[in-house]
Amino acid sequence: MRSSFFEFNVAMSGLFTARGNLDVVSHNVANAAAPGYSRQVARQRASEPMPLYNGKGMVGTGSEVYGVGQIRDFYLDKKYWAEASVLGEYGAKTVNMAQLQSLLAEQFAQSEGQNTGVVSAINDFFARVQDLTTTANDSTYRLNAIQSAQSLAKLINNAASEMIKQQRDMNAELSALVTQINSVGEQIAGLNRQISKFEADGSNANDLRDERARLVDELSKYVNTEVRETDYSLPGRPNDKRFSVLINGFDFVNHYDVQTLATVARDPALRLNSTDADGLYDVVFAGTNVKFDLYHPSLRGQIKGIADVRDGNGRGVPDTDPAGAVSGFKGVPYYMAKLNVLARTLARALNEGVTLDGTPIPGVTGHVYGYDLNGRRSGALFFTYADGAATPVNAVLDAAGNLVAGPDYTLMTGLNLTVSPELLRDPALLNCTADPTAGESAQDLMRGFVNVSSFRSLFREGKLNDFAAGVNGEIGIDQMHAQRFEASYGDVTASVNNRRLSVSGVDLNEEMINMVRSQQLYQAAAKLINVIDSVYGTTVNSLGNF
């Protein structure tokens, strides 16, 4: 049976419902600019009706707000996470490739006003050699040529050292990124605990879910991410949803548990590329020997971009292990190999008069076959390197003057290239002629040295300047490629995010409309209470007069 004040209760439910809607509108407006916030709506319905006193029909009892939901499209979230990981990858590549390009452009620039760098030093060296073609007996000119060669070697050493430094910097960046990934994973697991606690009674922890989704947004920039939420609810255990996150297919967050990552320094004997810096990190799952594969084809995100530039040798096969795997991206090791080719090719051409593969260079006699200012043949190298014991490597000739032992040019790098110390000590030991009877003014060997700079088959790209231009152009194209991909995926990611915002973002105009509607409903319910009060007042007072 209905209460005597039934109508008051119905009108009061209207007040509470309107108030509930206003609360949700207020929350939306307050968080309109909050990152990751998704619009919330009051879930409203008619409250349970009552049967009429005669048992025929039902009468409404008003309305109620039974929950607060959020507007979010999980498909668009997944789409955003996929695009954000690619954007993160190319963003990291763009930054690091720009730094590498800046270094190589400085060393290989060929502009008129460029007075520093390897190309400038090469030009200066061959200019000093040109001077020796007419002044070979002058110790000052000999010393100038030797010192110019040593300056060239030092610049190549410096360029290689700078690339190694960048490799170490990216190694530290990788370690910091792993720490950040672990931090995000721990925060997601913590939010899972809070969400499970608050939703145990069937409520929706909307704001906590938004924060969790924002963290997944952040994680997706670091590494490609997959999210799963599985419902394990049972009659005695309602609303049991478990949230997990996978990174590149590996379990990372399993509801409350996190399988964190760790960095482990490689053994120097197990470096992937022969010129890699010592102590580069591999990434493993903490507490296990399971590697997180930095070179897997499906990997994306900043972690992929950093690993590619740090380790990429352009071939995808380690120098030290033909059966292994490494990034095929053209990163620091690839351009370090280019610098090594420059050092080895120039050294072998001047030392032996042949290209790096042993092809004779027309008109060039190697330094090891020449005679010094005193008419002696020592078999001395012009360019050499220090072996593991820091002892400069030299050449050995047989009695007939044939080279029987020389340097292993595969061990010569941009880091260890140097002019033979004996030449630095005594310029008279510089071999300028291949004819021991020609006298102290002979310089035929130096004329051959000049030919090295213009030999068109010295490198695969052509002569020395062609090689420099090729390196400069290649790094420019690679950097531009990364930059364009970053811009392209930036546009795609922004487009997907805009679609997300169009669904879940707060529209202030729409909220103002909802606010006015709720205000009018509140006023109408209040007016209804006044009318009912007046009706009851009139009825009671009138009946009291009889």
I need every pair where a residue in segment 37-54 that is basic (Lys, Arg) has its Cβ under 8 Å from the Cβ of a residue that is modelled with pLDDT of 90 or more and not in a strand (DSSP E or B), sequence separation at least 6 or different chains. ARG39/ASN28; ARG39/ILE71; ARG39/SER504; ARG39/GLY505; ARG39/VAL506; ARG39/ASP507
Counting only residues that are of a type outside the set (Ser, Thr, Tyr), open to solvent by less than 30 Å² (accessible area, probe 1.4 Å) and over 35 Å from the mean Cα position of the chain (by Cα), how many does segment 121-149 have? 9
Scan segment 231-271 for residues that are at negative phi, in a loop (DSSP other than H, G, I, E, B) and under 19 Å from the mean Cα position of the chain (by Cα) and report the count. 0
Taking into account only those residues within segment 175-195 that are in contact with a strand residue (DSSP E or B) (Cβ under 6 Å, 6 or more places away or on another chain) and closer than 17 Å to GLY279 by Cβ, which is surrounded by the fewest Cβ atoms within 10 Å (Cβ to Cβ)? SER175
Can you pull out every residue in segment 297-309 that is at pLDDT 95 or above and either open to solvent by less than 10 Å² (accessible area, probe 1.4 Å) or not polar (S, T, N, Q) (or both)? LEU299, ARG300, GLY301, ILE303, LYS304, GLY305, ILE306, ALA307, ASP308, VAL309
For the subset of segment 409-435 comprising residues that are among the hydrophobic types (A, V, I, L, M, F, W, C) and under 42 Å from the mean Cα position of the chain (by Cα), which member is nearest to THR140 (Cα to Cα)? VAL419
Among (1) over 30 Å from GLY279 (Cα atoms); (2) surrounded by 21 or more Cβ atoms within 10 Å (Cβ to Cβ); (3) in contact with a Leu (Cβ under 6 Å, 6 or more places away or on another chain), the one test that LEU208 misses: (2)
Hey, among the residues in segment 214-233 that are among the hydroxyl-bearing types (Ser, Thr, Tyr) and out of contact with any Phe, Trp or Tyr (no Cβ under 6 Å at 6 or more places or on another chain), which one's least open to solvent (accessible area, probe 1.4 Å)? TYR222
Does LEU373 meet the test of being at pLDDT 85 or above and either surrounded by 24 or more Cβ atoms within 10 Å (Cβ to Cβ) or under 30 Å from ASN123 (Cβ atoms) (or both)? no
For segment 69-109, which residues satisfy the criterion of being more than 16 Å from ARG300 (Cβ to Cβ), in a helix (DSSP H, G or I), more than 13 Å from the chain's Cα centre (by Cα) and not polar (S, T, N, Q)? PHE74, TYR75, LEU76, ASP77, LEU100, LEU103, LEU104, ALA105, GLU106, PHE108
Residues LEU15, LEU76, LEU87: which one is of a type in the set (A, V, I, L, M, F, W, C), closer than 30 Å to MET480 by Cβ and out of contact with any Asp or Glu (no Cβ under 6 Å at 6 or more places or on another chain)? LEU87
Lone qualifier among SER457, SER534, SER488, SER502 - being in contact (Cβ under 8 Å) with a residue 60 or more places away in the chain and of a type outside the set (Val, Ile, Thr): SER457
Just one of (1) over 30 Å from GLU218 (Cβ atoms); (2) open to solvent by less than 10 Å² (accessible area, probe 1.4 Å) trips up LYS154, so point out which. (2)
Among the residues of segment 275-319, write down those that are in contact (Cβ under 8 Å) with a residue 60 or more places away in the chain and closer than 15 Å to GLN167 by Cβ. THR275, ASP276, ALA277, GLY279, LEU280, TYR281, GLY305, ILE306, ALA307, ASP308, VAL309, ARG310
Among the residues in segment 502-520, are any among the hydroxyl-bearing types (Ser, Thr, Tyr), surrounded by 14 or more Cβ atoms within 10 Å (Cβ to Cβ) and more than 30 Å from SER220 (Cα to Cα)? yes
Considering (1) open to solvent by 70 Å² or more (accessible area, probe 1.4 Å); (2) in a strand (DSSP E or B), say which one ASP278 fails and leave the rest. (2)
I'd like to verify a number: residues in segment 56-71 that are open to solvent by 60 Å² or more (accessible area, probe 1.4 Å) and without any contact (Cβ under 8 Å) to a residue 24 or more places away in the chain, how many? 3
Per-region count, segment 350-379, residues outside any loop (DSSP other than H, G, I, E, B) and either of a type outside the set (Val, Ile, Thr) or over 22 Å from GLN150 (Cβ atoms) (or both): 8
Of all strands (runs of 3 or more DSSP E) fully inside segment 380-473, the set with 2 or more residues that are of a type in the set (A, V, I, L, M) and modelled with pLDDT of 80 or more is 417-419
Top-ranked residue of segment 336-350 - restricted to ones that are closer than 24 Å to ALA434 by Cα and either at pLDDT below 90 or open to solvent by 10 Å² or more (accessible area, probe 1.4 Å) (or both), ranked as nearest to the chain's Cα centre (by Cα): ARG344
Quick one: would you say GLY14 is open to solvent by less than 30 Å² (accessible area, probe 1.4 Å), in contact (Cβ under 8 Å) with a residue 60 or more places away in the chain and touching a Lys or Arg at 6+ places or on another chain (Cβ under 6 Å)? no
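The values are calculated or read from the model by the stated rules, or taken from the named source; none is laboratory data. Values in this document were obtained by computation on a predicted structure and should not be read as measured data. Note that each Cβ is placed from the backbone with ideal geometry, even for glycine, and that neighbours are counted across all protein chains shown. With ligands, DNA and RNA removed, areas are computed over all heavy atoms of the protein, side chains included. Shrake-Rupley method; radii C 1.70, N 1.55, O 1.52, S 1.80 Å.
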